[in-house]
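Student: My structure is below; once you've seen it, I'll send some questions.
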Amino acid sequence: MSTVSVCFTNFGPYHLARLRALARRLEARGDRLIAYEVAGSERTYPWERRHLDEPFAWVTLFPDRVLESIPPADCRRAMVEALVRDRPDMIGIVGYARPESMAAVRWAARSRRPSILMSESQEIDRPRTWWKEMAKARRVRHFTSALVGGDSHRDYLVRLGMPFDRIAMGYNAVDNDHFAREARKWREAPTGREGLPDRPYFLSVCRFVPEKNLVRLVEAFARYRREAAVDRSWDLVLCGDGPGRDQVEAAVDASGFGEAIHRPGFLQVDDLPRWYANAGAFVLPSLMEPWGLVANEAAASSLPLLISQRAGCSGTLVPEPPGTTGYTFDPADLDDLTTALARVAGASDEDRTAMGRRASEVVSQWGPDRFAEGVVEAIRLAAGRRRGSRSVSASAPR
């Protein structure tokens with residue numbers, strides 16, 4: 001039996017869905033999974049989680065502390081102590097920036113264990129400087145193989161020095177079945193729209209921070225409302241919260257359509273499906289978005305998608321030709337964003353239903369089971385490079 005380990009900073013609902021699928025896949029081949037999280041909670045994403053009878057060993061390094069309050073040295077020390085205690089045969093590590101991530105990959109190198117880099121970074125996410133890219137490239141070289149979300153993430157890792165043939169796909173996944181099931185339930189419920197806007201609405205779900213581009217979305221929505229027929233115009237729902245709340249509120253006040261812009265706040269995973277179920281379309285307007293898992297949730301809920309061209313998910317979830325599952329747009333172009341809103345709102349009910357159905361079909365290929373397949377593929381790629389490593393190579397699928 002081989003022991004596979006995976007480390008995240010803090011388990012949210014989509015982490016748990018992935019880990020459950022991976023644990024079942026590993027168990028079927030006689031292996032086990034240890035899942036590490038650094039802290040029991042974090043301020044950025046205040047998720048509520050339920051500890052079920054999990055098919056993996058759940059280890060929290062700092063169960064009673066908030067992630068943002070833990071010094072880097074403590075993260076490094078606790079991660080190494082856990083690995084020395086558990087002695088996993090390989091480890092999947094999120095990114096190369098967090099202190100516990102680099103401590104884990106160094107431990108793997110010293111212990112001659114394969115390490116898998118789990119990454120969703122794109123070259124277009126932010127301006128790049130040569131010396132920072134050199135530092136990243138040195139860090140990437142420590143990893144044996146990688147698991148990424150899509151082509152843009154793979155291309156960036158190749159640029160940083162990871163060989164193309166050691167990169168597997170499937171990292172970005174949510175519990176598609178949960179969102180599909182709950183959306184159907186709320187659409188069929190007699191009271192499913194109670195407390196929601198009376199009009200059809202665009203839905204956006206994200207943190208209120210500048211890179212999510214919500215101020216421009218509000219401006220584009222106001223322009224759309226000024227140009228739309230009054231009796232057929234949609235509302236806008238902004239789910240979320242964050243440090244940019246005041247700027248969003250100011251944009252709403254200045255829009256002239258404050259009564260049509262609804263802000264229900266940060267919603268837990270069990271509260272979101274009702275909003276997805278009754279939306280007319282989903283909008284992700286981000287200026288910088290490594291992936292955008294909320295778009296997976298919306299697609300699983302059978303919504304048409306309006307996705308920023310800078311979102312890592314755009315090429316996967318909004319394939320050509322335009323209108324297949326929705327539309328992409330330039331998030332810095334107010335006219336382009338306004339046109340996208342008007343285009344989907346002006347489509348027939350039949351066309352929007354067809355776009356939503358196709359979106360659910362596309363995202364169904366990229367759920368938790370695909371994540372599990374991707375990890376197993378990355379294990380195989382790592383084992384192929386490091387023949388003679390511990391038993392993980394013997395149990396890797398051929």
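The values are calculated or read from the model by the stated rules, or taken from the named source; none is laboratory data. What you see is a predicted model; the values in this text were computed from it and never measured. Please note: Cβ atoms are built from the backbone with ideal geometry, for glycine as well, and neighbour counts cover all protein chains shown.
Student: All but one of (1) over 22 Å from the mean Cα position of the chain (by Cα); (2) under 18 Å from Ala173 (Cα atoms) hold for Ala372; state the number of the condition that does not hold.
Tutor: (1)
Student: Now a separate question. Would you pick out the residues in region 174-201 that are free of Cβ contacts under 8 Å to residues at least 40 places away in the same chain and not hydroxyl-bearing (Ser, Thr, Tyr)?
Tutor: Arg181, Glu188, Ala189, Pro190, Glu194, Gly195, Asp198
Student: Continuing with the same structure: With Gly292, Gly326, Gly240 as the choices, which residue is at positive phi, in contact with a Cys (Cβ under 8 Å, 6 or more places away or on another chain) and surrounded by 23 or more Cβ atoms within 10 Å (Cβ to Cβ)? Can you show your working first?
Tutor: On the way: Gly326 fails: in contact with a Cys (Cβ under 8 Å, 6 or more places away or on another chain); Gly240 fails: surrounded by 23 or more Cβ atoms within 10 Å (Cβ to Cβ).
Sole residue among the options that is at positive phi, in contact with a Cys (Cβ under 8 Å, 6 or more places away or on another chain) and surrounded by 23 or more Cβ atoms within 10 Å (Cβ to Cβ): Gly292.
Student: Scan Ala383, Ala372, Ala394, Ala332 and give me the residue that is at pLDDT 95 or above and either in a helix (DSSP H, G or I) or among the basic types (Lys, Arg) (or both).
Tutor: Checking each option against the conditions leaves just Ala372.
Student: Within region 7-33, which residues are under 15 Å from Val94 (Cα atoms) and among the basic types (Lys, Arg)?
Tutor: Residue satisfying the conditions is Arg18 alone.
Student: Does region 297-309 contain at least one residue that is without any contact (Cβ under 8 Å) to a residue 60 or more places away in the chain, closer than 26 Å to Gly367 by Cβ, more than 15 Å from the chain's Cα centre (by Cα) and surrounded by 24 or more Cβ atoms within 10 Å (Cβ to Cβ)?
Tutor: There is at least one residue in region 297-309 that is without any contact (Cβ under 8 Å) to a residue 60 or more places away in the chain, closer than 26 Å to Gly367 by Cβ, more than 15 Å from the chain's Cα centre (by Cα) and surrounded by 24 or more Cβ atoms within 10 Å (Cβ to Cβ).
Student: Also: Can you confirm whether region 108-124 contains a residue that is surrounded by fewer than 17 Cβ atoms within 10 Å (Cβ to Cβ), in contact (Cβ under 8 Å) with a residue 40 or more places away in the chain and under 21 Å from Glu377 (Cα atoms)?
Tutor: The answer is yes, given that some residue of region 108-124 is surrounded by fewer than 17 Cβ atoms within 10 Å (Cβ to Cβ), in contact (Cβ under 8 Å) with a residue 40 or more places away in the chain and under 21 Å from Glu377 (Cα atoms).
Student: Another question, if that's okay. Within region 1-44, which residues are hydroxyl-bearing (Ser, Thr, Tyr) and over 20 Å from Asn176 (Cβ atoms)?
Tutor: Narrowing region 1-44 to residues hydroxyl-bearing (Ser, Thr, Tyr): 2-3, 5, 9, 14, 36, 41, 44.
Passing the criteria: Ser2, Thr3, Ser5, Thr9, Tyr36, Ser41, Thr44.
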